[in-house]
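Single-structure report; data block below.
No lab work stands behind these numbers, since they all come straight from the coordinates. Everything numeric here is computed off the predicted structure, so don't read it as measured data.
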Amino acid sequence: MSDRITRTVRRTALLLALAAPALAAQQSKPPAAAHEHAAAPKLDAELAEHFKGIHLTDAQVAQVTAIKAKHHAEMDKIHQAAKSEDDPALKAALQKHMDAAHAEFKAMLTPEQYTAFEANMKARHAMEAKAGEKHDAMHDMGGMKHDAMMKDKAKAPPAPKKP
């Protein structure tokens, strides 16, 4: 009986001795699945619209994100210091930062990528202009309706009072 126990102990010790280095190596490395699926940098929604259809490398995504963060931080400071949203100086300062950001984008993009970027920006500005025109038209129509309602209300006899 003791021979049998001794052999079992020896086998177990041998198995542990062989498995120990593999176990130690496995514990010192991150899991393979986590390493393989490391999150690639992503663009936020605004940048994704600007760079729609453009394949950017991970390094370019990081650069674009850093450029936006830098300029938007400055633009936020300008907004906070502004006395009025309608101030032409405010609009000029904001435009200056947008132009600088776009110049930095151009410097890091390939010519083909920048051409697509410009097309995206033109489409966005056209859409914003159309939305602005529609808003103005709706506002004007609302004003006309409001004026017409006020005229009708002035002409209408007063409502009878309830006893």
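Quick one: which of Lys42/Lys134; Lys83/Lys106; Lys52/Lys83; Lys77/Lys134; Lys42/Lys96; Lys52/Lys134 span more than 29 angstrom between C-alpha atoms? Before the final figure, lay out the partial values.
On the way: Lys42/Lys134 33 Å; Lys83/Lys106 32 Å; Lys52/Lys83 35 Å; Lys77/Lys134 31 Å; Lys42/Lys96 26 Å; Lys52/Lys134 25 Å.
The answer is Lys42/Lys134; Lys83/Lys106; Lys52/Lys83; Lys77/Lys134.
Per-residue HN-Hα couplings for region 97-104, Karplus 6.51 cos²θ - 1.76 cosθ + 1.60 at θ = phi - 60°, whole Hz, x for Gly and Pro?
So the J values, rounded to whole Hz, are 5, 5, 5, 5, 4, 5, 5, 5.
What are the ³J(HN,Hα) values, in whole Hz, obtained from phi via the Karplus relation 6.51 cos²θ - 1.76 cosθ + 1.60 with θ = phi - 60°, for each residue of region 117-128 in sequence order, with x given for Gly and Pro?
Values, residue by residue: 4, 4, 4, 4, 5, 4, 5, 5, 5, 5, 5, 5 Hz.
Go through region 57-72 residue by residue and turn each phi into a ³J(HN,Hα) via Karplus (6.51, -1.76, 1.60, θ = phi - 60°); whole Hz please, and just put x for glycine and proline.
Once rounded to whole Hz, the list reads 6, 4, 5, 5, 4, 4, 5, 4, 5, 5, 4, 4, 4, 4, 6, 5.
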